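To start, the structure itself, in structure tokens.
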């Protein structure tokens, strides 16, 4: 089996829970733990919490919203974590979603070009080549990954990033994104094999497979209301489901077993592990598992179940 990482809860949790979750992840022998970003929780400072309580695993963001902080601040904070860890920090960057950014009066402009510019500034601040700040901190190089659900984003990752961080992508679509990462790398005269292909994969594990699938439908339903994910779900062949959601249907009620099987790991431990292998076979270098509860389970219980299932 390939490399596996986990995330802290998508909707946030206490610092105390973050420490315990990181400990479980490290004990399981996983490659790393990442923090999502949903205010009032901060993905980069959460990564610092992970850094302070781990010794070996990678820590990072999945994904920090570029519109919510200046590149110089994001870089400075990430470099501090890189110093704390001795080189275990991965800075995952994304543009979030229009409904989220609208809430904070953020004009996204052209997201692809905004990301291109942001990554360029982060690189320059990190390596001391920025005309605005030439001081270079003596820490290991900082890997920068970018979110990507589209072919254009994948090509951008190939051009400027160290990795791509998609979510809810079936293995076949990952293979397509990987081709576009390679195309972007060729355009920039970079080695595509040096660019990490990750995939964020929801995980709902239970000895009762039907309950796991039902939990996945409830847990993943809200994503069908975001335009980027609506486009993704159409692109992977489930446009009829998005049509129903846009007509007012509850996503959890119209999500099919086939859609869940396509984008998530939902079922018994054995079935989930077998399904995960399909992602590695499609070219995923690092599977970032996003643990979800099946029934009433605490954040800690969910991570313990995840660790047991995949380690």
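The values are calculated or read from the model by the stated rules, or taken from the named source; none is laboratory data. A quick note: this is a predicted structure, and the numbers were derived from the prediction, not measured. Glycine also receives a Cβ, built like all others from the backbone with ideal geometry; neighbour counts cover every protein chain displayed.
The set of residues in the range 230-242 that are over 14 Å from residue 254 (Cβ atoms) and surrounded by 19 or more Cβ atoms within 10 Å (Cβ to Cβ) contains only 232. Restricting attention to the range 282-311, the residues that are in a helix (DSSP H, G or I) and either surrounded by 17 or more Cβ atoms within 10 Å (Cβ to Cβ) or touching a helix residue (DSSP H, G or I) at 6+ places or on another chain (Cβ under 7 Å) (or both) add up to 10.
Counting only residues that are closer than 18 Å to residue 192 by Cα and touching a strand residue (DSSP E or B) at 6+ places or on another chain (Cβ under 9 Å), the range 150-172 holds 12 of them. When you scan the range 70-95, how many residues do you find that are in contact with a strand residue (DSSP E or B) (Cβ under 7 Å, 6 or more places away or on another chain), in a helix (DSSP H, G or I) and buried (at least 20 other Cβ atoms within 10 Å of the Cβ)? Number satisfying all stated conditions: 5. Residue 67 meets the stated requirement of being part of a helix (DSSP H, G or I) and not assigned by TED's automatic domain parsing to the domain that holds residue 223.
Please determine whether any residue of the range 170-193 is under 19 Å from residue 36 (Cβ atoms), assigned by TED's automatic domain parsing to the domain that holds residue 262 and in contact with a helix residue (DSSP H, G or I) (Cβ under 8 Å, 6 or more places away or on another chain). No, the range 170-193 contains no residue that is under 19 Å from residue 36 (Cβ atoms), assigned by TED's automatic domain parsing to the domain that holds residue 262 and in contact with a helix residue (DSSP H, G or I) (Cβ under 8 Å, 6 or more places away or on another chain). Against the criterion of being at pLDDT 95 or above, touching a strand residue (DSSP E or B) at 6+ places or on another chain (Cβ under 8 Å) and in a helix (DSSP H, G or I), residue 178 qualifies. Restricted to the range 108-126, and to residues there that are farther than 12 Å from residue 160 by Cβ and in contact (Cβ under 8 Å) with a residue 12 or more places away in the chain, the residue that is nearest to the chain's Cα centre (by Cα) is 111.
Which of the residues that make up the range 24-35 are buried (at least 16 other Cβ atoms within 10 Å of the Cβ) and either more than 16 Å from the chain's Cα centre (by Cα) or assigned to a helix (DSSP H, G or I) (or both)? Selection gives 24, 25, 26, 28.
Being in contact with a strand residue (DSSP E or B) (Cβ under 7 Å, 6 or more places away or on another chain) and assigned to a loop (DSSP other than H, G, I, E, B), is that true of even one residue in the range 122-143? Yes: the range 122-143 contains one or more residues that are in contact with a strand residue (DSSP E or B) (Cβ under 7 Å, 6 or more places away or on another chain) and assigned to a loop (DSSP other than H, G, I, E, B). Within the range 200-219, the set of residues being touching a helix residue (DSSP H, G or I) at 6+ places or on another chain (Cβ under 7 Å) and either within 22 Å of residue 95 (Cα to Cα) or in a helix (DSSP H, G or I) (or both) comprises 201, 202, 209, 213, 216, 217, 218.
A single member of 100, 38 is in a loop (DSSP other than H, G, I, E, B) and surrounded by fewer than 20 Cβ atoms within 10 Å (Cβ to Cβ), and it is 38.
This table checks each residue for (1) in contact with a helix residue (DSSP H, G or I) (Cβ under 8 Å, 6 or more places away or on another chain); (2) touching a residue at least 40 places away in the same chain (Cβ under 8 Å); (3) not in a strand (DSSP E or B).
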position	(1), (2), (3)
234	yes, no, yes
258	no, no, yes
262	no, yes, yes
266	yes, yes, no
274	no, no, yes
280	no, yes, yes
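Residue count for the range 210-227, restricted to those that are surrounded by fewer than 19 Cβ atoms within 10 Å (Cβ to Cβ) and either without any contact (Cβ under 8 Å) to a residue 60 or more places away in the chain or farther than 14 Å from residue 297 by Cβ (or both): 7.
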